[in-house]
Every structure is written in C-alpha cells, then in structure tokens.
Amino acid sequence: MATVPVRKVALVVGAAAAAASLVTLGVVLAGEIAVSQGLLLVVAFGLTAAVAVLGALVVQLKRSVSAVAARHTRQLSELHQTLRGTLAVNAETARAQGRALDAAVDQIAARLEPPITATGKRLDEVGADVAAGRWDTAQTYWQIEALLDLRTMLQPRALMPPLRDWAASPDVLRWLAEYVLSRRPELIVECGSGASSLVLGYAAQKAGRGRVVALEHDAAFAEVSARRVADHGLQDVVEVRHAPLAPWAGPDERDWNWYDLDSVKDLDGIGLVFVDGPPAGTGPLARYPALPVLLPHCADEVTFVLDDTIRPDEVEVSGRWLQERPEFVRQQLRADKGMHVLTRRPGDTPA
Ligand SMILES: C[S@@+](CC[C@H](N)C(=O)[O-])C[C@H]1O[C@@H](n2cnc3c(N)ncnc32)[C@H](O)[C@@H]1O
C-alpha cells in the first residue's frame, strides 16, 4: 500500500487555505460579498491553514523524534554489543589470570610446604624442650629442697656420695628417713647398696631403734658401700651383705635372677624394704622377686618402697605385687624417678 505524504498534503492544504483566505479578504474588501460572511470565510480558511501547517509541523516533529530515537536505539545497541564483547574478553582474561594465579599459588604452596612442615616439627620439639626444661627446673628445686631437709635431719658425719643418677634421689631418701624416724621399724632391708645405706643407717641411729641390711650383688660395690658405712661410723647399724645374683624359681617358668637366698634366710621381722636393685640390666622385671622372697621374713606391718617407677618394668612389678598380695595398699608418689609404696598394716582394709 502506497504511503500518503501527509506532511506535503498538509502543507498544500495549508497553502491553499491561506490563499483562499487572502482571496476572500480581497473579495470582502472589494465589497463583492457581505463583510460578515466574508470575514467568516477568512477566519475559516485561516484556521484551516493554521491547522494544516500545525499538522505538517507535528508530522515533521514526530519524524524528527522518531529519527533521533531510532539513532539512539541503534547507538545503544551498538554500545551494548561493544560492551558485551569487551565484557567477554575481560571475563576470559580474568579467568586466564585466575588460572595463572592458581598455578602460581600451588607452586608457592608446594615450595613452602616442606619448610613449613619442618618449622612446625622444630617448634614442637622446642615446645617439648621448654616443657621438659620447666619440669627439670621444678624437679631440681624439689631435689635441692629434699636434700637440704635430709642433711638437716641426719647431720652426716662425713662426705655423702653424690645422689641421683645411679644413687637414689633426695626425695625418695627423705621419704625413707622420715618413715624410719616415725615408724621405727626393727629391721630394714635394702636391695642395692649405696647412698641409701647411709641414709637408712643415720635414720635408724637417730630413731634409736632398728638395723639395716643392704644386699649388694656386686662384690666391688659391696666393698665400696661397706667402706662408706664405716667412714660414717654406721657399722653398728648397717650391714652390707655381698649377695651375688642366683637363679630363683618364681612364677612364669622364667629364669629369674635375684640375690642369693642364703643371704636373707636369717632375716626376720622386716618392717621396711627399699627395693632399688638389682639393676634393670640384669633381666626383665629384675626387682619382682623382692616381695615374694622377703615377705615370709617380714613383720605383720611392713612397707615395700619401689624406686624408679618411671620405668615400665617397675610399674609392672608393682602391679604384680598388688595383684598377688591384695592385703597391701599402694601409694604412687610423685618423685624424681617415681616411687610406689606398698604397705601392709594389720587392720587396714585394702582399697
Ligand atoms: C640403683 S643402684 C642402687 C643405689 C643405692 N640404693 C643408692 O641409693 O645409692 C643399683 C646397683 O647399681 C650398682 N651401682 C651402685 N653405684 C653404681 C655406680 N656408680 N655405677 C654403676 N653401678 C652402680 C650397685 O650394684 C647397686 O646395687
């Protein structure tokens, strides 16, 4: 369908109406037509011309606006396309950079992992060292404290051998001295001679009651201990007995080795046993025989003190004793090397 040129038609109509209006005005002025009729026609034609011109203008305006709108729409569409393209490119670039970053991070992490693991391990070790150091400092203080108490309590008459290491620690020795002074056992037996023989001797002497038999499997150490006992003037209270290790037929069909039974057969009424030998190197559960062997020689009230219970072997020994002899009551004391005290007191109800 052909499109009507509205604007042109409107302009033609307007021009015609304007011309008609002018012609009519001329006719009116010439007096060929009544003034009122003429003016009416002039106004009518004028209005028509005005409306036609206005219509043409509106059409023109609408076309201009449409053209501007279309141009803007096109430009916007182009801009949209451009932006979409740019965004797509940027997104791909960002993804590529992300992948590169991931790879770089993985690489750095792989490179850092071994030193970080090593540093963590070292820090753990340092932490353990610090904790051990703190515990060691506390232990050192407790041992000095116990040693001062011991020296004040016993007033040794000659130089004492060094404590700790092979010898018993001050804390277990102070416990033994206090026990002897307060319970005053008639007979004290110790397995493994040394500094403890002197401490037990001084304590018995001070208590005014009791004597000490120190069993020693090693001839050389028996001699050293006997000499020390004499140096301290304790020979009337302490007897160091050389008792070589000999087979003992205990439970488990194993080859137990303990102090020669001949060395204990005369003992009777033992009230305190300090179990600090034989040395662990002489066999597994080396100290176990002490209780089953010595119990028949003990008084009704008797205490076994087992040193070195920081070692699993000694914990097992103490556990066996308690299991086999439920009449004993056990105390597990915090000590430098760990100590378990097992006591049988007639009238006590075991826990
Ligand atoms: C734990 S020690 C006994 C220590 C003793 N009760 C004391 O407090 O000194 C056990 C055995 O080790 C041996 N012994 C003692 N002193 C020793 C030393 N300085 N070096 C190696 N062995 C030693 C002795 O045969 C002793 O019976």
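Mean projection of the alpha-carbon convex hull of the chain over all orientations, in nm²?
Values: hull surface 193.1 nm².
For the chain, the mean projected area of the Cα convex hull comes to 48.3 nm².
Considering only Leu163, Leu79, Leu150, give the residue with the highest GNM mean-square fluctuation for the chain, with springs between Cα atoms whenever their separation is below 10 Å. Comparing Leu163, Leu79, Leu150 in the GNM, the peak value goes to Leu79.
Its Cα gyration tensor gives the range 1-68 an equivalent ellipsoid, and the semi-axes of that ellipsoid, as √(5λ) in whole Å with the largest first, are 32, 11, 7.
What is the percent carbon and sulfur in the accessible area of the chain, measuring with a 1.4 Å probe over the protein chains and ignoring ligands? Let's see the in-between values first.
Values: 12490 of 20540 Å².
With neighbouring chains kept in place, the figure for the chain is 61 percent.
Just to be sure I understand the curve: with the Debye formula and one point per C-alpha of the range 73-190, what is log10 I(q)/I(0) at q = 0.12, 0.13, 0.20, 0.21 Å⁻¹? Here log10 of I(q) over I(0) equals -0.75, -0.79, -1.11, -1.16.
The figure for Ser318 is an accessible area of roughly 0 square angstrom, using a 1.4 Å probe on the protein chains alone.
For the pair the range 105-164 / the range 8-76, the C-alpha centres are spaced 113 Å from each other. Whole-Hz Karplus values for the range 305-320 come out as 10, 9, 8, 6, 7, 6, 9, x, 4, 5, 4, 5, 4, 4, x, 5 Hz, taken residue by residue from phi with 6.51 cos²θ - 1.76 cosθ + 1.60 and θ = phi - 60°; glycine and proline positions read x. For the range 286-351, the alpha carbon positions stretch 31, 23, 17 Å along the principal axes, listed from largest to smallest. Accessible area ranking (1.4 Å probe, heavy atoms, ligands and nucleic acids excluded), largest first, for Phe328, Phe221: Phe221, Phe328.
Ranked from largest to smallest solvent-accessible area, with a 1.4 Å probe on the protein heavy atoms, Arg209, Arg111, Arg320 come out as Arg111, Arg209, Arg320. Let me make sure I get this right: for the range 155-344, a, b and c are the square roots of the gyration tensor eigenvalues over alpha carbons, sorted descending. Under 1.5 in a/c it's rounded, otherwise prolate if a/b > b/c, else oblate. Which is it? It is rounded, given that a/c, with a ≥ b ≥ c, falls under 1.5. Structure remark: mean-square fluctuation, Gaussian network model of the chain, C-alpha springs under 10 Å; the largest value among Leu291, Leu61, Leu101 belongs to Leu61.
For Leu147, Leu11, Leu22, what's the largest-to-smallest order of accessible area, 1.4 Å probe?
Values: Leu147 60, Leu11 80, Leu22 125 Å².
From most exposed to least exposed: Leu22, Leu11, Leu147.
Ignoring lysines fewer than eight residues from Lys8 along the same chain, the ones with Cα atoms less than 18 angstrom from its Cα are Lys62. Checking every one of the chymotrypsin sites (Phe, Trp or Tyr not before Pro) in the range 98-206 against DSSP loop status and a limit of 14 other Cβ atoms within 10 Å picks out Trp166. Volume per residue of the convex hull around the Cα atoms, evaluated for the range 1-123, comes out as 182 Å³. Protein heavy-atom accessible surface, 1.4 Å probe, per residue over the range 155-344: 44 Å².
Contact order normalised by length for the chain, with contacts defined as Cα pairs under 8 Å and 6 or more residues apart; what percent is it? Intermediate values should be presented prior to the final figure.
Values: 448 pairs, mean separation 34.1, N = 351.
It rounds to 10 percent for the chain.
Only helical runs count toward this figure. For the chain, summing -39,500 (n - 2.57) over DSSP H runs of n ≥ 4 and dividing by all residues gives -20500 deg cm²/dmol at 222 nm.
The values are calculated or read from the model by the stated rules, or taken from the named source; none is laboratory data. Model, not experiment: these values are computed from the prediction. Counting neighbours? That spans all protein chains shown, and the Cβs are built from the backbone with ideal geometry, glycine included. SASA here: full protein model, heavy atoms, side chains in, ligands and nucleic acids out. Shrake-Rupley method; radii C 1.70, N 1.55, O 1.52, S 1.80 Å.
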